[in-house]
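J.: One structure, as structure tokens, below. Some questions next.
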Amino acid sequence: MPGAFDMQDDPNTTVDWDAWSERRGLTLDGGIWHSGTQREVSYSADGHSECFGVEEGSFWFKHRNKCIGAVAQRFLTEPSSGLVEVGGGNGYVAQYLTQSGVPTLVVEPGAVGAMNAAGRGLTVIRGLLGDLPVPESSIPAWGLFDVLEHVEGELELLETMRRCSTGDAKLLITVPAFGWLWSDEDRDAGHYRRYSRPGLARVMREAGWEATWSSYFFSWLPAVQVPLRVIPSRLGFYRGSSARAQQAQHSPGILAPVVAGSLSWESSLFRRGARIPFGGSIIGVFTPR
């Protein structure tokens with residue numbers, strides 16, 4: 001199966017993902033594996049559809065992919081061993097990583113996101129990680145990209161991932177930065193919180209993860225977020241983001257090359273393991289304690 005993830009029950013045995021899923025009671029329906037348990041998540045009902053409409057042309061999604069890819073290249077010991085992306089949405093990141101030599105399995109609870117990810121040729125399990133029969137000490141790499149802020153019980157998820165990780169596993173993560181950047185858009189998106197680098201490190205440490213490296217990115221984005229989101233939200237003028245508004249926000253027309261170029265240096269720094277002291281998002285790498 002294209003993009004299948006090589007998971008290991010035994011450190012010396014590569015397990016076929018289809019066989020692994022079948023043995024643990026998952027069912028394959030329409031090209032998507034199902035856990036049999038579906039629960040609500042804190043995410044906009046139309047979120048995956050709206051994102052799917054803007055991802056391909058979005059400087060934000062493209063730049064985040066480049067930064068994630070640079071960090072994976074720098075910090076994953078064996079990229080070809082693959083990665084499990086929890087909350088993988090439409091599979092936009094997973095497709096990029098897979099094409100970059102990091103075979104990525106998508107775990108996504110939403111029906112629309114799972115369908116879109118499968119349509120991109122990815123291996124997809126529909127469900128929440130906590131409902132899946134993942135063996136302890138079996139996963140060598142995880143992705144958690146703009147997901148943790150949507151999880152009310154963040155420690156429970158992180159502890160589950162820790163329990164299912166090999167001793168030298170890597171967890172790659174992105175989250176939105178700074179509580180003072182909170183706006184009505186965060187609420188509409190289903191966010192519970194935003195993070196600082198020290199705050200994220202504290203949460204991760206409490207869940208059994210140690211920071212290997214982390215940095216802010218989207219360095220100039222707060223200069224846009226404050227006047228366009230934060231201040232209007234404080235004054236009660238913010239009206240939320242429609243799909244059309246998101247399209248305009250993420251695809252700045254003829255300015256797209258300028259916008260992309262103004263951020264390209266960030267991924268270059270990350271490939272060298274350097275850090276950026278300020279930005280609208282955080283990207284990090286964590287290992288089990």
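J.: Neighbour counts of other C-beta atoms within 10 Å: give me Lys170, Lys62 arranged from fewest to most. Intermediate results must be reported in sequence, preceding the final value.
T.: Details: Lys170 23, Lys62 19.
Fewest to most other Cβ atoms nearby, the residues stand as Lys62, Lys170.
J.: Provide Leu200, Leu181 in ascending order of the number of other Cβ atoms located within 10 Å of each residue's Cβ, fewest first. Numbers along the way, then the final one.
T.: Working: Leu200 22, Leu181 18.
Lowest count first: Leu181, Leu200.
J.: Next up: Please compute the net charge surrounding Gly113, taking Lys and Arg as +1 and Asp and Glu as -1 over other residues with Cβ under 13 Å from its Cβ. The partial results should precede the final answer.
T.: Details: positive: Arg120, Arg126; negative: Asp46, Glu50, Glu55, Glu85, Glu108, Asp146.
Computed value for this residue: -4.
J.: Among DSSP beta bridges whose residues both lie in segment 17-288, state the antiparallel percentage, nearest 5. Let's see the in-between values first.
T.: Numbers: 17 of 35 bridges.
Among the beta bridges of segment 17-288, antiparallel pairing accounts for roughly 50 percent.
J.: In nm, to one decimal, how far is the modelled label at Ala211 from the one at Gln38, with both set 7 Å along Cα→Cβ?
T.: 3.9
Since every read-out is calculated from the coordinates, none of them should be taken as a lab result. In this text the structure is predicted, and so the values were computed from the model without any measurement. A quick note on method: Cβ atoms are made from the backbone with ideal geometry, for glycine too, and the neighbour counts reach across all protein chains shown.
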